[in-house]
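Visitor: Next up is a structure, given as structure tokens.
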Amino acid sequence: MAVPRMDTFVLLKTVYALALPPASLAVALVLGAAFALFGWRRFARWLVALAIAELLVMSFPPFADAMIRYLEDQARAAELATPRCCFDAIVVLGGGLSPAMPPEREFPRLVNGADRVWLAARLYRAKVAPRIIVSGGGYMARPDNPVTTEAAAMRQFLIDLGVPAESIVDEGKSRNTIENIRNVRAVVGNGRVALITSAYHMPRALQLAALGKLDVAAFPTDYRSLREARPWWENWIFSGDALDLSISALREIVAMKLDIRAWALGE
């Protein structure tokens, strides 16, 4: 099997992974050991201490809730500010399903954002739009690899939910949100779409849609800041769930502020 080439997509994914916990702690330990060998022991201690502090802070539920709620509140405001009718298509951004990987995994696997596909089916049945565009490729989806795309996985799930196959349009080339917006714009032109994605991801999706001149209305789902739904003691115990929320939020915030690739949408 051919080895995928390194490109900007892979590079950024790798940098994100190494800069955030828990990988950042491992990186700090390795670098700290190297610095200590060269006599920079104080710097090595500070590096490791900062990595531990990053891990603890991002694993603390109040911090995670504040980070994710910052994004989800924006999604709620956008949802309330837009009309609920008259769309040419419902657009579902990838991220809710993990593609099938035959023969080991014959069917797609539902992950946190699977609410996106469920909401799309509900909106279609409510006649919000006559078609659904599923947008999402897959880095491992190649002719020599049996792994399918996110679009193919969402199509299969929608059909199982009762949406007619002829009402589903696949856009299976996108590997990130920038490409989602660009490729959907190529499909719908100046048409107006109901955009579905996770609430924490919606602010960046709307930012990119504006840059890419895609006429969208926000239909966020998959809300994750649910402090009141947890037992009170879980709100004060460091956890992997809190770390996952913090990482998801931080990636979105950093991308909104610093991802210069988005500028190409406005050209």
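Visitor: Considering Cα pairs under 8 angstrom that are at least six residues apart, work out the relative contact order of the chain and quote it in whole percent.
Guide: Relative contact order here is 24 percent.
Visitor: Shifting gears a bit: How large is the accessible surface per residue of the chain, computed with a 1.4 Å probe and reported in Å² as a whole number?
Guide: 53 Å²
Visitor: Non-local amide H neighbours of Val169 (under 5 Å, H modeled in plane, Pro and chain starts lacking H): which ones?
Guide: Ile132, Ile133, Val134
Visitor: List the relative contact order of segment 84-208 as a percent without decimals, with contacts defined as Cα pairs under 8 Å and 6+ residues apart.
Guide: 34 percent
Visitor: Separate question: Let me know the shape class of segment 184-267, please: from the alpha-carbon gyration tensor, a ≥ b ≥ c as square roots of the eigenvalues, rounded when a/c is under 1.5, otherwise prolate if a/b is greater than b/c, or oblate.
Guide: Oblate shape, in that a/c is at least 1.5 and b/c is the bigger or equal ratio.
Visitor: Given contacts defined as C-alpha pairs under 8 Å and at least six residues apart, what's the relative contact order of segment 150-267, whole-number percent?
Guide: Contact order relative to length: 25 percent.
Visitor: Nearest 5 is fine: what % of DSSP beta bridges in segment 46-192 come out antiparallel, could you say?
Guide: Looking only at bridges with both residues in segment 46-192, the antiparallel portion is about 25 percent.
Visitor: If packing is taken as the average number of other Cβ atoms within 10 Å across a peptide's residues, how do 244-257, 124-137 rank, most packed first?
Guide: Going by the mean number of other Cβ atoms within 10 Å, highest first, we get 124-137, 244-257.
Visitor: Now for a separate question. So what are the radius of gyration and Dmax for the Cα set of segment 116-267, in Å?
Guide: Cα-based Rg and Dmax for segment 116-267 come out at 17.0, 50 Å.
Visitor: Now for a separate question. Using helices alone, I'd like the mean residue ellipticity at 222 nm for the chain: each DSSP H run of four-plus residues gives -39500 (n - 2.57), total over residue count, nearest 500.
Guide: Value at 222 nm, helices only: -15500 deg cm²/dmol.
Visitor: Share of antiparallel DSSP beta bridges in the chain, in percent to the nearest 5?
Guide: 15 percent
Visitor: Quote the convex hull volume per residue of the chain, based on C-alpha atoms, as a whole number of Å³.
Guide: 165 Å³
Visitor: At 7 Å along the Cα-to-beta-carbon direction for both Leu56 and Glu79, put a label point, then send me their distance in nm to one decimal.
Guide: Taking the simple label geometry, Leu56 and Glu79 are separated by 3.6 nm.
Visitor: May I ask you to give the percent of accessible area on the chain that is carbon plus sulfur, with a probe radius of 1.4 Å?
Guide: That fraction is 65 percent.
Visitor: Ok, one more. Using the per-residue mean of other Cβ atoms lying within 10 Å as a proxy for protection, in what order, highest first, do the peptides 228-237, 159-168, 181-190 fall?
Guide: Answer by packing, highest mean first, reads 181-190, 159-168, 228-237.
The values are calculated or read from the model by the stated rules, or taken from the named source; none is laboratory data. Just so you know, these numbers come straight off a predicted model, no measurement behind them. Here the Cβ is made from the backbone with ideal geometry for all residues, glycine too, and neighbour counts use every protein chain on show. In case anyone asks, the SASA skips ligands and DNA or RNA and just uses the protein heavy atoms, side chains included. Shrake-Rupley method; radii C 1.70, N 1.55, O 1.52, S 1.80 Å.
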